[in-house]
């Protein structure tokens with residue numbers, strides 16, 4: 001891999017693992033480089049000022065811990081939130097380009113499919129089904 005350079009990374013879009021969500025639910029997509037302060041300012045404004053009843057935090061790979069941190073801050077600040085957590089795997093697609101192509105040949109690309117852990121956490125002001133997997137009461 002020393003002769004290859006990562007050109008791009010993309011993730012497969014997949015629907016949220018929560019049935020019966022309203023179409024206008026706020027989804028916070030947490031990335032590895034996201035600033036917690038920025039995420040929390042936006043999420044708190046949605047829940048307090050806009051009056052949203054539910055919010056979903058999602059992150060994959062190295063952003064899983066940051067996603068959990070955001071949810072815990074939100075629960076501490078607002079209180080009384082019901083939580084449902086779903087853990088799954090997402091497929092990332094990485095494209096690598098050969099830095100040292102053969103003379104007279106084209107640069108070859110290498111495509112790698114990586115399965116990385118992913119987490120989706122639903123926070124709700126309204127009671128949720130306590131029998132579903134991953135439910136935590138307030």
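Among the residues examined, residue 108 qualifies as loosely packed, with under 14 Cβ neighbours inside 10 Å, in contact with a strand residue (DSSP E or B) (Cβ under 8 Å, 6 or more places away or on another chain) and free of Cβ contacts under 8 Å to residues at least 12 places away in the same chain. For the stretch 91-138, the set of residues classified as under 26 Å from the mean Cα position of the chain (by Cα) and at positive phi consists of 134 only. Evaluate the stretch 30-52: report whether one residue or more is touching a strand residue (DSSP E or B) at 6+ places or on another chain (Cβ under 6 Å) and closer than 30 Å to residue 4 by Cβ. Yes: one or more hits. Can you tell me which residue within the stretch 11-28, out of those that are outside any loop (DSSP other than H, G, I, E, B) and either farther than 24 Å from residue 65 by Cα or modelled with pLDDT of 90 or more (or both), is farthest from the chain's Cα centre (by Cα)? Among them, the one singled out is 26. Going residue by residue through the stretch 29-50, is there one that turns out to be out of contact with any helix residue (DSSP H, G or I) (no Cβ under 7 Å at 6 or more places or on another chain), in a strand (DSSP E or B) and touching a residue at least 60 places away in the same chain (Cβ under 8 Å)? No, that holds for no residue. Annotation: of all residues in the stretch 51-71 being within 21 Å of residue 137 (Cβ to Cβ) and assigned to a strand (DSSP E or B), the one that is farthest from the chain's Cα centre (by Cα) is 54. Of the residues in the stretch 36-48, none is closer than 28 Å to residue 131 by Cβ and surrounded by fewer than 12 Cβ atoms within 10 Å (Cβ to Cβ). Looking for something assigned to a strand (DSSP E or B), in contact with a helix residue (DSSP H, G or I) (Cβ under 8 Å, 6 or more places away or on another chain), surrounded by 13 or more Cβ atoms within 10 Å (Cβ to Cβ) and modelled with pLDDT of 95 or more - is there at least one such residue anywhere in the stretch 74-92? For the stretch 74-92, residues assigned to a strand (DSSP E or B), in contact with a helix residue (DSSP H, G or I) (Cβ under 8 Å, 6 or more places away or on another chain), surrounded by 13 or more Cβ atoms within 10 Å (Cβ to Cβ) and modelled with pLDDT of 95 or more: present.
The values are calculated or read from the model by the stated rules, or taken from the named source; none is laboratory data. The shown structure was predicted, so the numbers you read here are calculated from the model rather than taken from an experiment. Cβ coordinates were reconstructed from backbone atoms using ideal geometry, including for glycine residues, and neighbour counts include every protein chain displayed.
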